[in-house]
Amino acid sequence: MSDLGLLLQIFLSFIKIDVLCFGGAYAAVPVVQQQIVEVQGWMTTGEFMDLLAIDELTPGPIVVNCATFVGNKLAGVPGGIVATMGCVLPTMLIAFLLVRLYVKYRSADTMNDALSGIKSVVAALLLTAVLTFVTSVIVVEGQVNFVGLGIAVVAFVLMRTKRFDNIAIIVGSGIFSLLLYTFVL
């Protein structure tokens, strides 16, 4: 495939991802994973999980960061730019349209009914993302990764008590894991 053909494929793939991703970043993860890993075969599941971990350490929306990383991996800087534009352009256009519609019809019962249904689907998407993470991070090759499980439980408790900043928890868990696997395990 020519460079231009690959760039077009990247652009169209991320337009598709962007148009299909409702409910925010984490609800979009299963859609992104399916397109990148299963449909296009651009990454393995393990590489995708690594990508998500890196995404969490970088500022900005997870799907946009993912697009930039994948595009860059496939076609360098032009690929990163094209993937990012494919991921952002539909959202901008749809957001402008939806804001206008919401402002005009926000008190209508049909608007509230539609939002209720959409929120239910978003909950299902989030649950799917959680199960994907659990099965690929906590259960590795059919064995429970007790270190990963322990880190996840401690991080969950710290995040729920809101005593620590999420970024501090992510950085701390990375440092802890590095030290643990380097000096103990």
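List of remarks:
- Enumeration of residues in the range 20-33 that are in a helix (DSSP H, G or I) and surrounded by fewer than 16 Cβ atoms within 10 Å (Cβ to Cβ): 20
- Only one entry of 36, 15 meets the criterion of being under 30 Å from residue 114 (Cα atoms), touching a Gly at 6+ places or on another chain (Cβ under 6 Å) and either part of a helix (DSSP H, G or I) or acidic (Asp, Glu) (or both), and that entry is 15.
- Residue in the range 153-163 that is surrounded by 11 or more Cβ atoms within 10 Å (Cβ to Cβ) and polar (S, T, N, Q) present: no
- Some residue of the range 38-52 being touching a Pro at 6+ places or on another chain (Cβ under 6 Å), of a type in the set (A, V, I, L, M) and over 15 Å from residue 75 (Cα atoms): no
- Among the residues of the range 39-55, those identified as in a helix (DSSP H, G or I), closer than 18 Å to residue 80 by Cα and not aliphatic (A, V, I, L, M) are 47, 48, 50, 55.
- Note on the range 138-185: residues that are more than 22 Å from residue 54 (Cβ to Cβ) and in contact with a helix residue (DSSP H, G or I) (Cβ under 6 Å, 6 or more places away or on another chain) amount to 0.
- Summed over the range 12-71, residues that are of a type in the set (Val, Ile, Thr) and under 10 Å from the mean Cα position of the chain (by Cα) total 6.
- Whenever a residue of the range 135-152 is farther than 16 Å from residue 185 by Cα, its partners that are of a type in the set (A, V, I, L, M, F, W, C) and at pLDDT 85 or above, lying with C-beta atoms within less than 7 angstrom and at least six residues away or across chains, give the pairs 136/49; 137/49; 138/144; 138/149; 138/152.
- Residue, nearest to residue 137 (Cα to Cα), within the range 32-83, restricted to residues that are of a type in the set (Gly, Ala, Ser) and at pLDDT below 90: 46
- Every pair of residues 6+ apart whose Cβ atoms lie under 7 Å, when the first sits in the range 29-45 and is more than 15 Å from residue 128 (Cα to Cα) while the second is of a type in the set (Phe, Trp, Tyr) and buried (at least 17 other Cβ atoms within 10 Å of the Cβ): 36/42; 36/48; 37/48
The values are calculated or read from the model by the stated rules, or taken from the named source; none is laboratory data. A quick note: this is a predicted structure, and the numbers were derived from the prediction, not measured. Cβ sites come from the backbone with ideal geometry, for glycine too, and all protein chains shown count toward neighbours.
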